[in-house]
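Note sheet for the following structure.
The values are calculated or read from the model by the stated rules, or taken from the named source; none is laboratory data. No experiment lies behind these values; they were computed from the predicted model shown. All Cβ positions, glycine included, derive from the backbone under ideal geometry; neighbour counts span all protein chains shown. Just the protein is used for accessible areas: all its heavy atoms, side chains included, with ligands, DNA and RNA removed. Shrake-Rupley method; radii C 1.70, N 1.55, O 1.52, S 1.80 Å.
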Amino acid sequence: MANERLRAAISAKGETIQSVAQHVGIDPKSVERWITTDRTPHRGHRWKAASYLGVDEVYLWPTVQKQSETASTSELITYYPHRGAVPTALWASLIEKAKDQVDILVYGGTFLFDGFPDLPYELADKAKAGAQVRVMLGDPDSEMVRQRGEEEGIGDDLAARARITRRYLEPAAKTPGIEIKMHDTILYNSIYRFDDDILVNPHVLGAPAGQNPVLHFRYIPGARTFRHYMRSFDYAWERGRPA
């Protein structure tokens, strides 16, 4: 059974079996077999080919969808019934081990900086060593923060927490590699990303973030969940303003 989708995608892009093979770095006969026998390539070759042709890999190789679903399920490490149930040792381990990327998206997030008072200095050291650090806090003067404070039952205290956290971050604020932004976005969850680990704290209407569950995911190539939440972070980041 031939892969007519792949054949059509190559033609629509104005490419050839040879040009696709050259881009992926394999023999043209391999690409030909992908078409004539509907063989599913290895993950790396699959991604390169799909990206080169400007189409989704699942469109070209539908069987990949099941693999992706299985990988996405495997990304979930554990579930905590509320934020206080997340072990302090886990936060400490994730912070310590992060080398390349730290991303934090919250309204206030004071609990993290109260619990780890040296965190701003640690983030500065990581940035100096080459890590990228991005922190987004709620704009204390925004309507969204005021509304969320009312919904959580803490009123203006949420805006005050955002201001306090911004003050906590002062020692790291001017370090190259560290960016701090404010947002007025409706957050459906707080996000804490440390390299390939991400903690997601969903927001439940009428309850403070600390009373809500936390899900711990770890990135697996080909899976969806980690990347899905990071797209959400990037969406908010693009709309934030410098603190």
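For region 193-226, give me each residue that is more than 23 Å from residue 47 (Cα to Cα), in contact with a Leu (Cβ under 8 Å, 6 or more places away or on another chain) and β-branched (Val, Ile, Thr).
200, 214
In region 167-195, which residues are farther than 15 Å from residue 126 by Cα, of a type in the set (D, E, K, R), within 22 Å of the chain's Cα centre (by Cα) and not in a strand (DSSP E or B)?
Of everything in region 167-195, just one residue is farther than 15 Å from residue 126 by Cα, of a type in the set (D, E, K, R), within 22 Å of the chain's Cα centre (by Cα) and not in a strand (DSSP E or B), namely 184.
Can you tell me which residue among 186, 178 is among the aliphatic types (A, V, I, L, M), touching a residue at least 24 places away in the same chain (Cβ under 8 Å) and over 13 Å from residue 107 (Cβ atoms)?
Only one candidate passes the filter, namely 178.
When you go through 124, 162 one by one, which is the residue that is farther than 16 Å from residue 106 by Cα and not aromatic (Phe, Trp, Tyr)? Spell out the reasoning first.
On the way: 162 fails: farther than 16 Å from residue 106 by Cα.
Criteria check complete, one pass: 124.
Can you confirm whether region 135-152 contains a residue that is open to solvent by less than 80 Å² (accessible area, probe 1.4 Å) and farther than 26 Å from residue 204 by Cβ? So that I can check it myself, show each step before the final result.
First pass over region 135-152, keeping only residues open to solvent by less than 80 Å² (accessible area, probe 1.4 Å): 135-140, 142, 144-145, 147-149, 151-152.
So of that shortlist, the ones also farther than 26 Å from residue 204 by Cβ come out as none.
There is no residue in region 135-152 that is open to solvent by less than 80 Å² (accessible area, probe 1.4 Å) and farther than 26 Å from residue 204 by Cβ.
Just give me the residues in region 209-243 being part of a loop (DSSP other than H, G, I, E, B), open to solvent by 30 Å² or more (accessible area, probe 1.4 Å) and more than 21 Å from residue 93 (Cα to Cα), in sequence order.
221, 224, 243
Checking the structure you have, find out if any residue of region 186-197 is touching a His at 6+ places or on another chain (Cβ under 8 Å) and open to solvent by 60 Å² or more (accessible area, probe 1.4 Å). Quick ask: steps written out before the conclusion?
Taking region 186-197 and keeping what is touching a His at 6+ places or on another chain (Cβ under 8 Å), we get 187-190, 197.
Next, only the ones that are open to solvent by 60 Å² or more (accessible area, probe 1.4 Å) stay: 188.
Yes, because at least one residue in region 186-197 is touching a His at 6+ places or on another chain (Cβ under 8 Å) and open to solvent by 60 Å² or more (accessible area, probe 1.4 Å).
Looking at this structure, is residue 98 of a type outside the set (S, T, N, Q), open to solvent by 60 Å² or more (accessible area, probe 1.4 Å) and under 30 Å from residue 127 (Cα atoms)?
On the way: of a type outside the set (S, T, N, Q): yes; open to solvent by 60 Å² or more (accessible area, probe 1.4 Å): no; under 30 Å from residue 127 (Cα atoms): yes.
For residue 98, the condition - of a type outside the set (S, T, N, Q), open to solvent by 60 Å² or more (accessible area, probe 1.4 Å) and under 30 Å from residue 127 (Cα atoms) - is not met.
Condition check: free of Cβ contacts under 8 Å to residues at least 40 places away in the same chain, charged (D, E, K, R), open to solvent by 50 Å² or more (accessible area, probe 1.4 Å) and under 30 Å from residue 179 (Cα atoms). Does residue 32 satisfy that?
On the way: free of Cβ contacts under 8 Å to residues at least 40 places away in the same chain: yes; charged (D, E, K, R): yes; open to solvent by 50 Å² or more (accessible area, probe 1.4 Å): yes; under 30 Å from residue 179 (Cα atoms): no.
So residue 32 does not fit the description; no.
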